[in-house]
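Have a look at the structure below before the remarks.
Readers should treat all values here as calculations from the given coordinates under stated rules, not as data from a laboratory. In this text the structure is predicted, and so the values were computed from the model without any measurement. For neighbour counting, all protein chains shown are included, and Cβ atoms are generated from backbone atoms with ideal geometry for every residue, glycine included.
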Amino acid sequence: TRLLSYTIENLKGNLYMGALMACLVLMVFMKKWRLSLLVVLSIPLSLIITILCFYLLGISMNVISLSGLILGVGMMVDNAIIVVDNITTCTRNQSLPQRGSREGALVDVIVRSTREVFTPMLSSVLTTCSVFLPLIFLSGTAGALFYDQAMGITTALFASLLVATVVIPVYYMVLHRKGKRF
């Protein structure tokens, strides 16, 4: 029991460290802290949704499911990066009016640019999840071991897709309103 508790605490620490390292890498490579903040916010939101799904599916927080979450953290930011980058590119290429319907034009650009990348993101999530699909249907001890990990990664990827297509565009709009253009 002591070894198991130590292992779970170690995995939780690795999960936090992985999320922190992902945030630091984003800050370095995106160079704009407001855009990085949008992507960083997607990590805890995706984790919360994933843990909620674990509860609804009856999956316990054990060594295997936590290892699936750790693997998923690196992949969670991909969808958010794609959405933020596409919205930023489209808003720069689109000449938004200076007054009046500027907000409406921005909403249109955000919706259009999010729709543009939804299908490629969905196909990316589905192809990654299809690798783990056979693990869900394994029987015996191997099936019991890999089920939690496969479900952890799959749930985390779908949660990140949900956050990237629903939450990130709203946050982009809010942050765009509060400050100057990105």
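How about region 55-82: which of its residues are outside any helix (DSSP H, G or I) and free of Cβ contacts under 8 Å to residues at least 60 places away in the same chain?
First, pick out the residues of region 55-82 that are outside any helix (DSSP H, G or I): 58-62.
Once the filter is applied, which keeps residues that are outside any helix (DSSP H, G or I) and free of Cβ contacts under 8 Å to residues at least 60 places away in the same chain, region 55-82 yields Gly58, Met61.
Can you pull out the residues in region 16-54 that are over 19 Å from Leu161 (Cα atoms), out of contact with any helix residue (DSSP H, G or I) (no Cβ under 8 Å at 6 or more places or on another chain) and assigned to a helix (DSSP H, G or I)?
Tyr16, Met17, Leu20, Met21, Leu24, Val25, Val28, Phe29
Which pairs have Cβ atoms under 6 Å, sit 6 or more apart or on different chains, and link a residue in region 16-40 that is within 25 Å of Leu66 (Cα to Cα) to one that is surrounded by 12 or more Cβ atoms within 10 Å (Cβ to Cβ) and of a type in the set (S, T, N, Q)?
Leu26/Ser36
Can you name the residue in region 1-54 that is of a type in the set (S, T, N, Q) and under 17 Å from Val73 (Cβ atoms) and, of all such residues, is surrounded by the fewest Cβ atoms within 10 Å (Cβ to Cβ)?
Within region 1-54, the subset of a type in the set (S, T, N, Q) is 1, 5, 7, 10, 14, 36, 42, 46, 50.
Now restrict to residues that are under 17 Å from Val73 (Cβ atoms): 10, 14, 36, 42, 46, 50.
Values: Asn10: 12, Asn14: 15, Ser36: 20, Ser42: 25, Ser46: 29, Thr50: 27.
Only one residue fits best here, namely Asn10.
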